[in-house]
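Have a look at the structure below before the remarks.
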Amino acid sequence: PGRQIRSSTAATHSSNSRPTQQRQRRSLSLRSLLIYINVFLAGIFITTLFSGIRLANNNNNYHDGSSIENGFRNILDKSISTGGSTKNNGNEKIITALENDLQTEKEKTKNLEDTIATLMRQQQQGIAATANSVKQTESSSSSSSINSFQLQLLQSYNKQYNQNHNSNTQTQDLCSIILPKPTPTTLSLWSHHIPNILNATKHWSDREKFQYHDFTALLLHFLTPDRLQRSVKTLPLDWTPVERNLNVIQRRLQFLQTKMDQYRQSNNLQPHEEIPMDAIKEMNEDPKAPRKLNLLIMGGSVTMGVVGHINPVTDKGPNRRDGAWPARIDHFLRNLFHGMELINLQSMTLGGTNTESAITMWDYSLLAGDIPYPDILINAYATNDMHWNSMQDAIARNQTLEQSLYKLSQEFIRQVMTPKKSCRHSPPLLLYFDDYLGNEQNEVLTTLASSQTINLMSSYYGIGSISYADAVRDIVYGDTKEWWLSSQWYQGNEYIRGVHPHMGTHIAMTWVVAFNLFNLVTTYCSLPEIEAESATDTIRRLHAGYERNSNGEWDYGYQPINGLPHLDATKKLVGGPRQKPRGIPPPLTRDLSLEHISDNWRKDSAENAPLWKTIQECIAEGHFDDAIDHDSLPKPCLFSWVVNMERFLDTPKGLNNKLKPYLTSNDGWSAAKDNNKLGWVPTSGLGSKFTLEFKKVAQPVHMMTWMIMRSYGEKWEGSRLKVEAWSGEKLLASDEIVGFHNKKTSETYNIKMKVIDPESASPGIPPGSDLKVTFELVGGTTFKISGMAICDH
């Protein structure tokens, strides 16, 4: 008992600093101790009882010969000294010995009871202290920041930074600086920092009081770490983009760390003292700071945040874009890293657009002027790709919805994964985000078409994919009347069409995307290191995208590193795989065969060899590392715009200003915003005209694309727009575009017109030519243009 007391006491003192979840374990230990004491006292009582029986029998010279009594008599006889000459003397000695033992045990029992009472008081005090600590953490961000995840990261980085700085080495990569070895999993990190996740999720409009505290905590209760792990569907095959992205973050982090060190020295701040946020903001805005990591999210109305303000707490919430998950994750990451801006997050979101729209926008570089070429690109069109409008488009092309999804997804992936410019525009890290649960289709199997397509294409092309739907699918299917984690499908007891999810889903999707981004980091950092060729080289990691060329030797580029032994090389081993071709595999079609896929891939790789250069090859040719500099997207279009995509192109005034420099005549057209949809529309009815002119074009023009809206009803009946393109007296293209359809919805369509010289039959016009485009409403009373692209292809 004494040893148990000491170990339990030590455990209690150490447990005062342990997490709350160990309280039950401590309670069970105390209960076990009480059980041991009760059993011990019961043993004393039974021994004393039978001792009394034995003494009584000896005094009366009585026994009945029972085996049980004889058994206990024999035990007592063997354990007690029989040195006395008479029975009475022996009995007196036995009684005296038993009384002394009993008194000793009583004293031990009292000591045990006193110790247990002390332990119970300490336990209650520990629980109360922990409860107060948790309450203070939730109510005061300043008091929690001392032990916050942000400061833990900063302190870990600071420690490693000082070690590296003192050793004058630059070989450490970001993994070696901020993470211990072996690298913990994202699942482990997330599970151990739930309070920090909760605090970082607080919306910036909710700073004064965390009014969504309980709602957010309940969502975090549902979105358990194992559910977030389920959202990780596929990982990239080539980890080079992740390596490049971490290098970008590392350079900026080192710069900010140096600035923080200088600030602490000049202001006599200790390492545990926080730097004011105003000072950190000034460091973030330093023009000498290395660039941020560029993250671009493309999506439709769900990603834009339509009805994302609806919640069970208040009648109002953040506006659609501020409350949408892209804006939330931007704020979430800043909170976690204590205000340091490491990521430049941009979103291109427009209602009614889908992957087909994204293909046009990426192909023609229809990005806003302040959106740089992305390091990470997230396709978040899953819901709009399953939209009723997309289904009707597929039917119009004589395709099933599955065939349409397959075709568009593959075209988008191949377009993004093919470099636009050698060495200056390496393919971004492409991630697909599946947010679709329903209910554009009512059949459950049909709703899975997008998920199946994303999984197939991600696996074939080796890109990353994320599924919010899979993380919560069973919860939603278990109660389709809930509206925290999905769209609202019931109004009372009536089943209704519901596409746009509410605030709860946007908060949950924030965690899903953040978890997957962190998982990419921890997975890459868990890969084995490759020994640097020189002392100044940054550590690299061995992965499937790392080339190990054998130069024709039979060893297949084998290297005895990371625990692999040296080859005995006693026999040439034939039949192994050659170095994989660079670039992306051939298009996945019904005609692609196992017999020819290798030859097709190697042929494509050889024809486009200049596009597929490694980082080392580009640096050797004199190109800057992408972490230092990054070109903007090449602009293949002479003139282009899409409403709501640019910062000032979301109002009629902004659209008027966009067209004004090229508008040489205008009879009845202007920018207007009706039903919250901006566009260039006729205001004088039938016969309204306008002309755009471009003098001495600086690049060839081969194609013109008009993004137009088609709608229904009496107002749109018979709507037709005549478009003609001229160069001098030559008519290069002519078409009449229909603006009316019979669908009970409004949709955006891309209408393409090829530019052809009628005299030479050659495509397009060369640089230095003049181009004039005329527009006239020749049918109906209205029309709407929501975008233009006059381009070189």
Out of the residues in segment 262-314 that are part of a helix (DSSP H, G or I) and without any contact (Cβ under 8 Å) to a residue 12 or more places away in the chain, which is least open to solvent (accessible area, probe 1.4 Å)?
-> Arg264
Pairing a residue in segment 362-382 that is farther than 24 Å from Tyr436 by Cα with any residue that is in a helix (DSSP H, G or I) and polar (S, T, N, Q), where Cβ atoms lie under 9 Å and the two sit 6 or more apart in sequence or on different chains, gives Asp363/Gln415; Leu366/Thr360; Asp375/Asn245
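Could you look through segment 223-260, keep only residues that are acidic (Asp, Glu) and in a helix (DSSP H, G or I), and pick out the one that is least open to solvent (accessible area, probe 1.4 Å)? Full working, then the answer.
In the first step, residues of segment 223-260 are kept if they are acidic (Asp, Glu); the result is 226, 238, 243.
After this cut, where a residue has to be in a helix (DSSP H, G or I) as well, the list is 226, 243.
Values: Asp226: 93, Glu243: 13 Å².
Per the stated criteria, the residue is Glu243.
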Out of all the residues in segment 392-440, which are under 23 Å from Leu611 (Cβ atoms), of a type in the set (Ser, Thr, Tyr) and open to solvent by less than 40 Å² (accessible area, probe 1.4 Å)?
-> Ser409, Ser422, Ser426, Tyr432
Conditions (1) more than 20 Å from the chain's Cα centre (by Cα); (2) modelled with pLDDT of 85 or more; (3) open to solvent by less than 30 Å² (accessible area, probe 1.4 Å); (4) not β-branched (Val, Ile, Thr): number failed by Ser365 | (2)
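For segment 594-619, give me each residue that is in a loop (DSSP other than H, G, I, E, B) and within 22 Å of Thr240 (Cβ to Cβ). Don't jump to the end; show me each part of the working.
Just the residues of segment 594-619 that are in a loop (DSSP other than H, G, I, E, B), to begin with: 594-596, 608, 612-614.
Answer for segment 594-619, where residues must be in a loop (DSSP other than H, G, I, E, B) and within 22 Å of Thr240 (Cβ to Cβ): Asn608, Trp612, Lys613, Thr614.
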If we keep just the residues of segment 441-459 that are under 30 Å from Asn608 (Cα atoms) and of a type outside the set (S, T, N, Q), which is surrounded by the most Cβ atoms within 10 Å (Cβ to Cβ)?
-> Ile454
Within the bounds of segment 351-360, is there any residue that is surrounded by 20 or more Cβ atoms within 10 Å (Cβ to Cβ), over 25 Å from Leu678 (Cβ atoms) and under 24 Å from the mean Cα position of the chain (by Cα)?
-> no
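Can you tell me which of Pro581, Pro560 is open to solvent by less than 70 Å² (accessible area, probe 1.4 Å) and in contact with a His (Cβ under 7 Å, 6 or more places away or on another chain)? Step through it out loud before you land on a result.
Working: Pro581 fails: in contact with a His (Cβ under 7 Å, 6 or more places away or on another chain).
None of the other options fit; the residue is Pro560.
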Which condition breaks for Val416 when tested against (1) of a type in the set (Val, Ile, Thr); (2) at pLDDT 90 or above; (3) over 30 Å from Ile619 (Cα atoms)?
-> (3)
Give the residues of segment 485-494 that are in contact (Cβ under 8 Å) with a residue 40 or more places away in the chain and part of a strand (DSSP E or B), sorted by residue number.
-> Ser487
If you check every pair at least six apart or on different chains, which have Cβ atoms under 6 Å apart with a residue in segment 460-481 that is open to solvent by 10 Å² or more (accessible area, probe 1.4 Å) first and a residue that is assigned to a helix (DSSP H, G or I) second?
-> Tyr461/Ile413; Asp470/Arg230
Look at segment 682-718 and say how many of its residues are assigned to a loop (DSSP other than H, G, I, E, B) and over 26 Å from Cys791 (Cα atoms).
-> 9
Kindly provide the set of residues from segment 421-459 that are touching a residue at least 24 places away in the same chain (Cβ under 8 Å), part of a loop (DSSP other than H, G, I, E, B) and within 22 Å of the chain's Cα centre (by Cα), ordered by number.
-> Ser426, Pro427, Pro428, Asp435, Tyr436, Leu437, Gly438
Flagged pairs (Cβ under 8 angstrom, 6 or more apart or on separate chains; first in segment 733-760, part of a loop (DSSP other than H, G, I, E, B); second open to solvent by 60 Å² or more (accessible area, probe 1.4 Å) and among the basic types (Lys, Arg)) are Gly739/Arg720; Ser746/Lys677; Asp757/Lys730; Pro758/Lys730; Glu759/Lys730
Name every residue in segment 749-765 that is open to solvent by 50 Å² or more (accessible area, probe 1.4 Å) and within 29 Å of Gln392 (Cα to Cα), in order of residue number.
-> Lys752, Lys754
Starting from segment 545-571, take each residue that is farther than 26 Å from Ile615 by Cβ and at pLDDT 85 or above and list its partners that are in a loop (DSSP other than H, G, I, E, B) and among the aromatic types (Phe, Trp, Tyr), counting only C-beta distances under 7 angstrom and pairs at least six apart or across chains.
-> Leu567/Tyr558
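Can you tell me which residues in segment 618-641 are open to solvent by 20 Å² or more (accessible area, probe 1.4 Å) and at pLDDT below 70?
Residues of segment 618-641 open to solvent by 20 Å² or more (accessible area, probe 1.4 Å): 619-625, 628-632, 634-635, 638, 640.
Matches in segment 618-641: His623, Phe624, Asp625, Ile628, Asp629, His630, Asp631, Ser632.
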Regarding Ser719, is this residue of a type outside the set (Asp, Glu) and either surrounded by fewer than 17 Cβ atoms within 10 Å (Cβ to Cβ) or within 22 Å of Lys658 (Cβ to Cβ) (or both)?
-> no
Give the number of residues within segment 645-686 that are open to solvent by less than 80 Å² (accessible area, probe 1.4 Å) and either closer than 20 Å to Ser347 by Cα or not hydroxyl-bearing (Ser, Thr, Tyr) (or both).
-> 24
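The values are calculated or read from the model by the stated rules, or taken from the named source; none is laboratory data. Since this is a predicted model, take the numbers as computed values, not measurements. Quick reminder, even Gly has a Cβ in these numbers, built from the backbone with ideal geometry, and neighbours come from all protein chains shown. Keep in mind that these areas ignore ligands, DNA and RNA; they rest on the heavy atoms of the full protein, side chains included. Shrake-Rupley method; radii C 1.70, N 1.55, O 1.52, S 1.80 Å.
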